[in-house]
1. Of everything in the stretch B:59-101 that's outside any helix (DSSP H, G or I) and small (Gly, Ala, Ser), which residue is nearest to the other protein chains (Cβ to nearest Cβ)?
2. For the stretch B:102-115, give me each residue that is part of a strand (DSSP E or B) and facing chain A (nearest Cβ under 7 Å).
3. For the stretch A:228-251, check the following and say yes or no: at least one residue is out of contact with any helix residue (DSSP H, G or I) (no Cβ under 6 Å at 6 or more places or on another chain), over 20 Å from A:Leu17 (Cα atoms) and among the polar types (S, T, N, Q).
4. Only residues that are farther than 23 Å from B:Leu180 by Cβ and either among the basic types (Lys, Arg) or not in a loop (DSSP other than H, G, I, E, B) (or both): list them for the stretch B:23-36, please.
5. If you go through the stretch B:142-159 one residue at a time, how many are aliphatic (A, V, I, L, M), crowded, with 19+ Cβ neighbours inside 10 Å and assigned to a helix (DSSP H, G or I)?
6. Could you grab the pairs with beta carbons closer than 6 Å, sequence gap of 6+ or different chains, first residue in the stretch B:111-137 and more than 18 Å from B:Ile169 (Cα to Cα), second one not in a loop (DSSP other than H, G, I, E, B)?
7. From B:Gly188, B:Gly162, which residue is surrounded by fewer than 21 Cβ atoms within 10 Å (Cβ to Cβ), in contact with a Ser or Thr (Cβ under 7 Å, 6 or more places away or on another chain) and either closer than 20 Å to B:Gly244 by Cα or of a type outside the set (Ser, Thr, Tyr) (or both)?
Amino acid sequence: MNAVRIWAIEAVKKGLLEVQEYFRLCFTVVGATFSRPFYPRDLFEQIDVIGLGSLTVVLLTGFFTGAVMALQSGMTLDQFGARPFVGRLISASMIKELGPVLTALMLAGRVGSGIAAELGSMVVTEQISALRALGTDPIRKLVVPRVLAGFIMCPILTVVSDTVGMLGGWIVALTQLRVSSGVYWHAVVEGLFIEDVWMGLIKPFFLGVVIVTIGCHVGLRTSGGTQGVGRATTNAVVAASVVVLIVDFFVTRLLISIFF
Amino acid sequence: MRAKSLAEFGLPVELAEAHAPVVLFDKVNLAFDDKVILTDVTFSVRAGHTKIFLGASGAGKSTILKLMLGLLKPDSGTIWVLGHRVDLMDEAQLMRVRHHMGMVFQEGALFDSLTVGENVGYKLYEETQMDLADVRARVDEVLGFVGLLQYIDKLPSALSGGQRRRVAIARAMAARPTLLLYDEATTGLDPMTALTVDAEVVKLRDLEQATSILVTHQLRDAFYVATHQARRTPAGDIELFEAGEAKVEEADFVMIREGRVAFEGSAADLRNSNDPYLQTFLS
């Protein structure tokens, strides 16, 4: 019993330490973002890696989510004779919730894991120590460009995802549900309020930062050789995915209280 | 070319004298949780001299280099490097001290996504305002110095272990540091390749006047560095030869045993020591 208590205390202490170190990293990143030196070349490189590199997966996810939603909701709406409203359902769901969250989850899988693996490998091969020995702050050189790239690219990718999602829904509505283009797009516009659009656009800024900072935090705290890198990669994806959903809930709650 | 005085680094009066220590450890202690790493470690390194740390794996040798660089902080004691109390400095202040230091890591720690040339010129490209043409010229010069100019556009993965160490040495020397630290620079290399790395250490110390601190458990390499000297011939070639007595005296050996300084002295003192542990280590 005593052993269980000690184990539980140690686990809580370890968890609290991780949280403390994560927030310390976040504060350091904020400070480093607004002070010299800057590494603009690394920022553009990361925008390419995080943004353009994730485009395919985001396009496919967004398109098929919109398409399958149209299929599923079409059947349900039929029961009420409301098939022409399928566009309204898709636009509201995609822009308010599914677009931001699915894009963030895809980024957590692709970008979060990549960052954790890359930085983790650099830690275990002493490249991070070498950077510091060469007079470069790893936070400024490696973390800040990635966080800024996540902050910029996550909302852009979300807009892309929302757009192709509605296109996917339109193709299914047109070909499977026999809803005309005019009716579909009219319903899409009707279903949206400006507050929904703001909500869908603001959330990805938070989610992008969360995914990248978790990837960086986990990567920089890697230990235990190549096995440790594997562990860090898995932890980064799991932690980022869960935290994305938690942050999504709280930011949504906050935005609802502001807008409505 | 390299005429940096210690006073240039803001040395306190007592350290700014001729032959003043470049590095000074005073009763340094370090432990990670319950594991004691260093206990009361005290030593000094003079400008232009060589300090060689010997000891078994896990004795705490590499930790001493990390403390010098400020990559780790001691629990107690003081550490002076180039006239700065590095144990009290924050990361931003340490960056300015590290600008005058170079470190060769155990496995080279080359940036695997950059070419050999980019690795060597990294500090000059990223952390100085040096003109790009001058950076390229310096990269060519140091790669020529270690005999690897033909590999300038290759990635580190295309090099052998010995070549990677030599690139690491070139990277460490590119910014003309005052103090060079070598962490097991020859470990894992075959004897012939290790000798080429040792030769680079000697050349760098004698021709670029860098104070050298070596951590190793390879006695052959330690004695080679301590007992050899490099000079440039009138024809411009570099020649290595047996060092004279005065030069050999400039190399100090420190034996670290379980985190404590077990011995400090010259190569001759080390060879003549009656300490059973040292005798076992030397045998």
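The values are calculated or read from the model by the stated rules, or taken from the named source; none is laboratory data. Since the structure is predicted, the reported quantities are computational estimates derived from the model, not experimental observations. No Cβ is skipped: glycine too gets one built from the backbone with ideal geometry, and neighbour counts run over all protein chains shown.
1. Going residue by residue through the stretch B:59-101, those that are outside any helix (DSSP H, G or I) are B:59-60, B:70-85, B:89-90, B:99-101.
Then keep just the ones that are small (Gly, Ala, Ser); that gives B:59-60, B:70, B:76-77, B:83.
On the way: B:Ala59: 19, B:Gly60: 17, B:Gly70: 8, B:Ser76: 23, B:Gly77: 21, B:Gly83: 17 Å.
My answer is B:Gly70.
2. If we filter the stretch B:102-115 for residues that are part of a strand (DSSP E or B), which is where we start, we get B:102-105, B:108.
Passing the criteria: B:Met103, B:Phe105.
3. Looking through the stretch A:228-251, none of the residues is out of contact with any helix residue (DSSP H, G or I) (no Cβ under 6 Å at 6 or more places or on another chain), over 20 Å from A:Leu17 (Cα atoms) and among the polar types (S, T, N, Q).
4. First pass over the stretch B:23-36, keeping only residues farther than 23 Å from B:Leu180 by Cβ: B:27, B:29, B:31-36.
Answer for the stretch B:23-36, where residues must be farther than 23 Å from B:Leu180 by Cβ and either among the basic types (Lys, Arg) or not in a loop (DSSP other than H, G, I, E, B) (or both): B:Lys27, B:Asn29, B:Ala31, B:Phe32, B:Lys35, B:Val36.
5. The number of residues fulfilling the criteria is 2.
6. B:Met130/B:Leu124
7. Details: B:Gly188 fails: in contact with a Ser or Thr (Cβ under 7 Å, 6 or more places away or on another chain).
None of the other options fit; the residue is B:Gly162.
Listed here are the residues, each with its yes/no results for (1) within 24 Å of B:Leu214 (Cα to Cα); (2) crowded, with 18+ Cβ neighbours inside 10 Å; (3) at pLDDT 90 or above.
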{"site": "B:Met103", "(1), (2), (3)": "yes, yes, yes"}
{"site": "B:Asp112", "(1), (2), (3)": "no, no, yes"}
{"site": "B:Gly121", "(1), (2), (3)": "yes, yes, yes"}
{"site": "B:Thr128", "(1), (2), (3)": "no, no, no"}
